[in-house]
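Please read the structure below before turning to the comments.
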Amino acid sequence: MLRALGKITVTTPGTPVSISSILPPDLTSPAVHSVMLQALPANTGAVYVGSTALNKTTLAGVYSILAVPTTNSVPSFSAVHNLFGQGIQLNDMMIDSDAAGGGVIATVVY
């Protein structure tokens, strides 16, 4: 089932935020089939997507860097696990941002 989770923002740049931090109460497991993260239109700095080892300074644990959106482009990151359902653990996926308030809109298939 396709599910919009909503907006995830970074309050303090340099302190990664877990994607699972916005799971609604009725979504009982952080395991999903796929995830899409799209940069917020108001981002003023890059957003980093990565593992629990994410470090935006050294780029350790970084899966993707979402650039600042423009009029013609809104960057996104997607991951799909085709071998079996619910193979992506949202508690193992983090975001960080160059600017306070930067973030993403998250959508999952579970």
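Bear in mind these aren't lab numbers, they're just calculated from the coordinates by the rules spelled out. What you see is a predicted model; the values in this text were computed from it and never measured. Cβ atoms come from the backbone with ideal geometry, glycine included; neighbour counts cover every protein chain shown.
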Quiz item: Which entry in (i) 34, 30, 26; (ii) 41, 32, 23; (iii) 35, 30, 21 is this structure's computed Cα extents along the principal axes in Å?
Solution: (i)
Quiz item: Any idea how far apart VAL109 and HIS81 come out in nm if each label point goes 7 Å out from Cα toward Cβ?
Solution: 1.5 nm
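Averaging sequence separations of C-alpha pairs under 8 Å and six or more residues apart, then dividing by the length of segment 26-67, give the relative contact order as a whole percent. Mind dumping the intermediate values first?
Numbers: 37 pairs, mean separation 13.8, N = 42.
The value is 33 percent.
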Exercise. Output the relative contact order of segment 10-110, whole-number percent, from Cα pairs under 8 angstrom with separation of 6+ residues.
Key: 47 percent
